[in-house]
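What follows is a set of notes on a single structure, which appears directly below.
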Amino acid sequence: MLRDMCPHRFAPLSKGKIISDQLQCPYHGLRFNSNGQCVFNPHGDGVVPKAAVTRTYPVLEKFGLVWVWMGQKAADPAKLPNFDFMDDTRWTYVKGHIHGSGYYELFTDNILDLGHAAFLHTGLSAPAFTIGKRHVFQDGDTVWSNVSHPNDFISDIMNNMFNSHGKRFDAWTDVQWTAPGSMSLLSYYAEPGTPKEDGHMHTSIHVMTPESPDTTHYFWAFGRDIHPDNEEFSAKLRAGIEYAFEEEDKPMIALQQAQVGDRDIMSMRPVLLAGDAGAVRARRMLRKLIAQEQSNGEEASDQKQSVDA
Amino acid sequence: MLRDMCPHRFAPLSKGKIISDQLQCPYHGLRFNSNGQCVFNPHGDGVVPKAAVTRTYPVLEKFGLVWVWMGQKAADPAKLPNFDFMDDTRWTYVKGHIHGSGYYELFTDNILDLGHAAFLHTGLSAPAFTIGKRHVFQDGDTVWSNVSHPNDFISDIMNNMFNSHGKRFDAWTDVQWTAPGSMSLLSYYAEPGTPKEDGHMHTSIHVMTPESPDTTHYFWAFGRDIHPDNEEFSAKLRAGIEYAFEEEDKPMIALQQAQVGDRDIMSMRPVLLAGDAGAVRARRMLRKLIAQEQSNGEEASDQKQSVDA
Amino acid sequence: MLRDMCPHRFAPLSKGKIISDQLQCPYHGLRFNSNGQCVFNPHGDGVVPKAAVTRTYPVLEKFGLVWVWMGQKAADPAKLPNFDFMDDTRWTYVKGHIHGSGYYELFTDNILDLGHAAFLHTGLSAPAFTIGKRHVFQDGDTVWSNVSHPNDFISDIMNNMFNSHGKRFDAWTDVQWTAPGSMSLLSYYAEPGTPKEDGHMHTSIHVMTPESPDTTHYFWAFGRDIHPDNEEFSAKLRAGIEYAFEEEDKPMIALQQAQVGDRDIMSMRPVLLAGDAGAVRARRMLRKLIAQEQSNGEEASDQKQSVDA
């Protein structure tokens, strides 16, 4: 990935265009190859100055996403979350992207405690999210925040999907967090008393990418194991999810951000409830991994360092 | 009054809803009673943590307004301004609220010098406000900024109200300021040479509540002693007042705020005119009362203190 | 020119109105003469306080523009750029004003390197701007940034103007910069092999006035030597130029400003290309003139000084 800044006049290269595999700067037309090296200067004698290089970041393309390494180290597939289900044809996916106001941990907290669904997303409300049994545990460097609830009703949106209004299910929702902000969310719905694996399983990913100290890119995908070729169903599902994320989660997190400001939310001594165990654990793990990285001298470079380099 | 911040994840409780006399947080559904105590936790085992309390502020409800004590002391009715006329059926009221850009003292200054009317509110222009006799004096901890003018014309808006175009009146306008930003404005119009008390009397209140260092909530009410049951008259009157406040005062004060920025306007050495005597006096009184309060150790708590408490 | 701040309550005088050659403040109606002296106080006894003066700045009106001296010195016609062609009836002018985000030097840089035209303004693209011969030199305190190119095609917009599609010209574009941000841009188009003076000559001015550290007023005029009385031609020409400036230059410079922020762009070590020679030279000259001015004790006054004076 190229740093989004031409080394000539600092125009954003992302506004440029691709010309035969090179990225042309939108302002004065310098062209860069994928190593960030300027390979064409349209002006005057056409000589390309040696310093005409923009920084590149290692990337991996996997699970339908581009993963960027912002620091000094090479891309490391072992650091990716396990999103194997994204490549499994058993599920049909709808995908989306949200840009929201809020520190990215406020967005990960939101998924790690689904107890908010009953209040913020009335259409997604189900007993499991509030009175279900929670099971939070560490698994290597990842954190699981799971909740299960037997023999009860599921949310309206799920009932619409399964045409199962008035039916009871055993339900499990397993969220796995991987640093710094990647989460899988697996939902299982089975006939009461039957094994988890015999029911329906829906998959989703929620990947939070910090853009600034108070804005976040939120990439999501939702996979269903029914109606694989039904585009109308896909469109309705996407609209329902986008409503929940854009109109319910995003405004609430923006309000939360306005109250928290530039403080670390933990410094405000939040009252902790059962549902916060996952967020607390993930936060602790993230701090530990950051401390490890810093003690190894692998600090992420900030913009200033890049420019001065 | 409850602090607008849930102690769990700091969501604004003002976005929640009332459920059987309890305020339910919009994010995770904790419910609080009027003492700020969380009394219901919908999650897991439902145990309510002891620390699940949000700060409350003493309030008094009087004169159609809710008065909040933001500091450590109990609500004290003796500190309220004298707005008895608000409860008097002699007057019929229209009311409103404005949210404006500007330090709240810029809003109080605006009422304490009505000399701006002739220039900013051409419909409210009357000789009294510019060439009338001013009388500014202290009355306990309050400040009066009065102006009177005999045997002259009154403003178009008042003429429309009284159907009195071309008629002369003796006119008095008495503004009383009470710390920190509450003002009554009483207007008297009498046949020339007759006593003040024999004429018409209109009442209004102008209450400025600081929201931030550069934004203010402006609550107003205007009482007339004519056409008590005429709703069409009320609607026209409200529209006229809202026009003056929203379209004339508010933009001007926002421009003033932009020029003054975060400076104390007095540090910019404003040229003082006759009309500024009330504002200068009120400002001095306010500084004195703040100093007294601080020397008594009754500093208003700021957000940070509340959060850390 | 009057400072845009009433000395009474600091309202912006620019929102006032002219009443018999005096400028009336929009808030309380003080009136000022062209020396900045308050000459009328409508309030009370009408006495005008001695301190009721707003600062004035020397101005010159020339070339259809008002030139302001913001410092302590008198207006000096010798410091004006040579825009004599603005008063010459040989050219018919269209004029405009743009308000943009960006430090004013980013706007002058944009004109001093027309090499951006081929990429940012496809309608203005011509070989001269990229592969033409550049000639940059100092001329007193001004800087010329010229480019010439023989026997080649000119831009579509120019072809539309001359009805000359498919024709070749010898082309010259001469930009002269005068501190701090005034530029003339003279374009010559002649039959190949004929003298510069025998062809068409178009004139334009590009005057950049800093409003704040990150916003600029951009005043422009474009003169043509054809179709002097054709209003439809004028309207089309103005629309074409406004499109280039408003829709192409302005957004690009705003993006550049967002990347550069409050840094001096040179501190970011930009890669320098042939086209940057003019901007580098002008920048050096500007720094030299500022240093001279400061060593002469002629610092420009900032707002704070004015207010405290």
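Against the list (1) more than 17 Å from B:I154 (Cα to Cα); (2) more than 12 Å from chain C (Cβ to nearest Cβ), the condition B:L106 fails is (2). Residues in the range B:184-207 that are in contact (Cβ under 8 Å) with a residue 40 or more places away in the chain and out of contact with any Asp or Glu (no Cβ under 9 Å at 6 or more places or on another chain) were compared, and the one that is farthest from B:D170 (Cα to Cα) is B:V207.
Annotation note: Cβ proximity below 7 Å between a residue of the range A:276-297 that is within 11 Å of A:P180 (Cα to Cα) and a residue that is surrounded by 19 or more Cβ atoms within 10 Å (Cβ to Cβ) and hydroxyl-bearing (S, T, Y) (sequence gap 6+ or interchain) occurs for A:A282/A:T108.
When A:W67, A:W91 are checked against the criterion of being closer than 30 Å to A:N296 by Cα, away from every other protein chain (no Cβ under 13 Å) and out of contact with any Lys or Arg (no Cβ under 6 Å at 6 or more places or on another chain), A:W67 stands alone in meeting it. Within the bounds of the range B:245-262, is there any residue that is aromatic (F, W, Y) and over 30 Å from C:F10 (Cβ atoms)? No, there is no match, as no residue in the range B:245-262 is aromatic (F, W, Y) and over 30 Å from C:F10 (Cβ atoms). Consider A:G275 carefully, then state whether it is within 10 Å of another protein chain (Cβ to nearest Cβ), in contact with a Gly (Cβ under 7 Å, 6 or more places away or on another chain) and of a type outside the set (A, V, I, L, M, F, W, C). It is true that A:G275 is within 10 Å of another protein chain (Cβ to nearest Cβ), in contact with a Gly (Cβ under 7 Å, 6 or more places away or on another chain) and of a type outside the set (A, V, I, L, M, F, W, C). Residues that are under 17 Å from the mean Cα position of the chain (by Cα) and assigned to a helix (DSSP H, G or I) were ranked within the range B:223-242; the one that is nearest to B:D87 (Cα to Cα) is B:R238. Of all residues in the range B:17-55, those satisfying the criterion of being of a type in the set (S, T, N, Q) and either crowded, with 18+ Cβ neighbours inside 10 Å or on the phi > 0 side of the Ramachandran plot (or both) are B:S20, B:Q24, B:N41, B:T54. Filtering the range B:136-174 down to residues that are part of a strand (DSSP E or B) and over 15 Å from B:S187 (Cβ atoms), which residue is farthest from the chain's Cα centre (by Cα)? The residue in question is B:N151.
Scanning the range C:63-89 for residues that are of a type in the set (D, E, K, R) and either touching a Ser or Thr at 6+ places or on another chain (Cβ under 9 Å) or outside the structural domain of C:S184 (by TED's automatic domain parsing) (or both) turns up C:K79, C:D88. Against the conditions (1) in contact (Cβ under 8 Å) with a residue 40 or more places away in the chain; (2) within 30 Å of the chain's Cα centre (by Cα), C:A52 satisfies every one except (2).
Listed conditions (1) more than 25 Å from C:T215 (Cβ to Cβ); (2) out of contact with any Ser or Thr (no Cβ under 9 Å at 6 or more places or on another chain) are all met by C:F129, apart from (2). Entry remark, the range A:117-128: residues being assigned to a helix (DSSP H, G or I), small (G, A, S) and touching a strand residue (DSSP E or B) at 6+ places or on another chain (Cβ under 8 Å) number 1 in total. Restricting A:P127, A:P150 to those that are touching a residue at least 24 places away in the same chain (Cβ under 8 Å), within 12 Å of another protein chain (Cβ to nearest Cβ) and surrounded by fewer than 19 Cβ atoms within 10 Å (Cβ to Cβ) reduces the list to A:P127.
Residues in the range A:17-59 that are closer than 29 Å to A:L80 by Cβ and facing chain C (nearest Cβ under 9 Å): 1 in all. In summary, B:L2 fulfils each of the numbered conditions (1) surrounded by 14 or more Cβ atoms within 10 Å (Cβ to Cβ); (2) within 12 Å of chain A (Cβ to nearest Cβ) with the single exception of condition (2). Consider the range A:5-16. How many of its residues are at the interface with chain C (Cβ under 8 Å from one of its Cβ atoms) and surrounded by fewer than 17 Cβ atoms within 10 Å (Cβ to Cβ)? Looking only at that region, the number is 1. Here A:A258 passes the criteria (1) within 14 Å of chain B (Cβ to nearest Cβ); (2) crowded, with 18+ Cβ neighbours inside 10 Å; (3) out of contact with any helix residue (DSSP H, G or I) (no Cβ under 7 Å at 6 or more places or on another chain) except the one numbered (2).
Taken over the range C:83-116, the criterion of being closer than 28 Å to C:L273 by Cβ, assigned to a loop (DSSP other than H, G, I, E, B) and not acidic (D, E) is satisfied by C:G102, C:Y103. With respect to being touching a Leu at 6+ places or on another chain (Cβ under 8 Å), touching a residue at least 12 places away in the same chain (Cβ under 8 Å), within 14 Å of chain B (Cβ to nearest Cβ) and among the β-branched types (V, I, T), A:V175 falls outside the description. Is it the case that the range A:85-103 has a residue that's of a type in the set (A, V, I, L, M, F, W, C) and within 30 Å of B:V47 (Cα to Cα)? Looking for residues that are of a type in the set (A, V, I, L, M, F, W, C) and within 30 Å of B:V47 (Cα to Cα), one finds none in the range A:85-103, hence no. Within the range A:122-138, the set of residues being over 12 Å from A:A274 (Cα atoms) and modelled with pLDDT under 95 comprises A:T122, A:G123, A:L124, A:S125, A:A126, A:P127, A:A128.
The values are calculated or read from the model by the stated rules, or taken from the named source; none is laboratory data. Keep in mind it's a predicted model, so treat the numbers as computed, not measured. FYI the Cβ positions are ideal-geometry reconstructions off the backbone, even for glycines, and counts take in every protein chain you see.
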